[in-house]
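Everything on this sheet refers to the single structure shown next.
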Amino acid sequence: MVFGGDCIGKIEGKNVFVPAAVPGEKLEVEITREQRDYSTARIVRVLEPSAHRVLPFCPLYGRCGGCNMQHIDAAYQQELRAAILREAFEREGLTVPEIVCVAGSPTGYRTRFQFHSGGLMERQSNNIIQLSACPCASAEINKYLAEVPPAERPEGRVHVFGSSRISSIPEGYDKIVIAEEQRRQAPRQEKQRPASTPGGRRLPKMKRIKPRFEGTTAIPANLCTISLAGKSVTFDVQGFFQSNLDVLEQAVPLVCEGLHGTNVLDMYAGAGTFSVFLADCFKNICMVEHNRDALVYAEQNLAGTVHESFGLSGETWTKYHAESYLKRHGGFDAVVIDPPRSGMEKAVCQWLCQSQIPAIRSLSCDPATHARDAKFLVRAGYRLQKLFLLDFYPQTCHIESLAWFSR
């Protein structure tokens with residue numbers, strides 16, 4: 001199995017990608033697409049099934065665009081995802097320690113959905129599948145699906161978050177937040193300043209200073225506060241937040257374990273989820289996050305702590321703000337970095353490699369870019385100390401990981 005969930009076989013030496021297969025099986029397949037270097041195929045008949053092949057438990061499996069590993073037993077799924085993660089790191093020439101899997105329930109875990117006119121998108125199609133239940137959804141979301149007919153659900157793309165952990169909704173009410181997408185208002189047109197006075201004297205040009213968080217949108221109806229490992233974390237349901245809270249609660253102490261000191265950098269901080277916990281271990285928190293909407297919530301979550309936040313890209317922060325921050329506060333004792341799927345920005349990776357910061361905790365939702373960034377850190381003198389598979393999305397090929405680096 002390779003990243004993405006397909007299995008690879010060979011026909012006359014040419015790689016053939018086969019969805020819905022299990023490693024070790026003997027299959028009769030039909031080629032559906034020929035490329036110069038590879039082919040794709042569909043299974044016609046399973047001749048010798050794997051001992052790990054099981055019947056999918058969802059009637060929509062194969063049509064719905066969500067799950068793609070329900071045909072494999074849950075324990076073996078974890079082994080496969082760990083193997084794919086290991087292979088990505090070894091492909092970069094790295095020595096990989098034993099991978100520890102951090103997991104929760106294989107069903108009923110998902111608290112966050114994007115519904116399209118009340119349903120889910122069909123696989124490789126723009127068609128919408130209406131549903132009254134999802135085996136992977138939380139009980140709160142399934143209650144909504146069961147009680148609200150598709151015709152009464154909001155039109156368009158709708159972000160839904162449902163969990164018993166929501167503390168911003170009083171007990172006795174449905175613990176679910178439904179956020180319809182809002183269109184941003186057009187930027188306000190400012191009056192043009194005259195170039196000269198009525199007497200003809202030319203006025204000097206003035207540089208307009210933008211407020212630090214200009215352009216952010218905080219919509220009260222979309223606000224959600226959850227209880228996580230004994231702390232409150234607030235975020236916007238329309239923004240990104242992890243959908244498997246049980247695994248997130250296990251991951252938080254692994255991110256923070258053994259870290260302490262004066263200064264910590266939370267790069268790509270999002271709504272400040274990790275900073276909320278890092279504040280117990282460090283005197284000063286520095287958060288960098290280009291999404292200023294998320295940073296508004298990070299400011300709320302870090303209220304009452306000593307922190308400084310920058311609504312900037314990581315590249316901009318390293319080029320124009322890192323040096324002045326270090327002069328004011330001293331060096332960082334640790335970094336927690338959780339970049340987007342594309343991995344660390346090149347300037348951020350280079351800055352980290354030169355930083356001499358003793359401890360780096362690196363999270364990623366893409367094993368290939370995580371391994372690539374890890375390679376540069378190891379070349380710069382860091383040691384890959386531990387590697388975790390954070391199994392946030394059972395029944396899918398999605399892989400998230402946490403790596404500990406030390407000097």
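Can you work out which of the residues in the stretch 150-166 that are of a type in the set (A, V, I, L, M, F, W, C) and free of Cβ contacts under 8 Å to residues at least 60 places away in the same chain is surrounded by the most Cβ atoms within 10 Å (Cβ to Cβ)?
Among them, the one singled out is 158.
Determine whether residue 197 is at negative phi, open to solvent by less than 50 Å² (accessible area, probe 1.4 Å), at pLDDT below 90 and over 25 Å from the mean Cα position of the chain (by Cα).
Working: at negative phi: yes; open to solvent by less than 50 Å² (accessible area, probe 1.4 Å): yes; at pLDDT below 90: yes; over 25 Å from the mean Cα position of the chain (by Cα): yes.
Criteria met by residue 197.
Residues that are surrounded by fewer than 17 Cβ atoms within 10 Å (Cβ to Cβ), at pLDDT 95 or above and in a loop (DSSP other than H, G, I, E, B): does the stretch 233-244 have at least one?
Checking the stretch 233-244: not a single residue is surrounded by fewer than 17 Cβ atoms within 10 Å (Cβ to Cβ), at pLDDT 95 or above and in a loop (DSSP other than H, G, I, E, B).
Which one is nearest to residue 108 (Cα to Cα), of the residues in the stretch 372-397 that are buried (at least 18 other Cβ atoms within 10 Å of the Cβ), free of Cβ contacts under 8 Å to residues at least 60 places away in the same chain and not hydrophobic (A, V, I, L, M, F, W, C)?
373
Just give me the residues in the stretch 57-81 being among the hydrophobic types (A, V, I, L, M, F, W, C) and under 24 Å from residue 112 (Cα atoms), in sequence order.
Of the stretch 57-81, the ones among the hydrophobic types (A, V, I, L, M, F, W, C) are 57-58, 60, 64, 67, 69, 72, 74-75, 80.
Answer for the stretch 57-81, where residues must be among the hydrophobic types (A, V, I, L, M, F, W, C) and under 24 Å from residue 112 (Cα atoms): 57, 58, 60, 64, 67, 69, 72, 74, 75.
The values are calculated or read from the model by the stated rules, or taken from the named source; none is laboratory data. The structure presented is a predicted model; accordingly, all values stated were derived computationally and were not measured. Counting neighbours? That spans all protein chains shown, and the Cβs are built from the backbone with ideal geometry, glycine included. Accessible surface areas use protein heavy atoms only, side chains included; no ligands, DNA or RNA. Shrake-Rupley method; radii C 1.70, N 1.55, O 1.52, S 1.80 Å.
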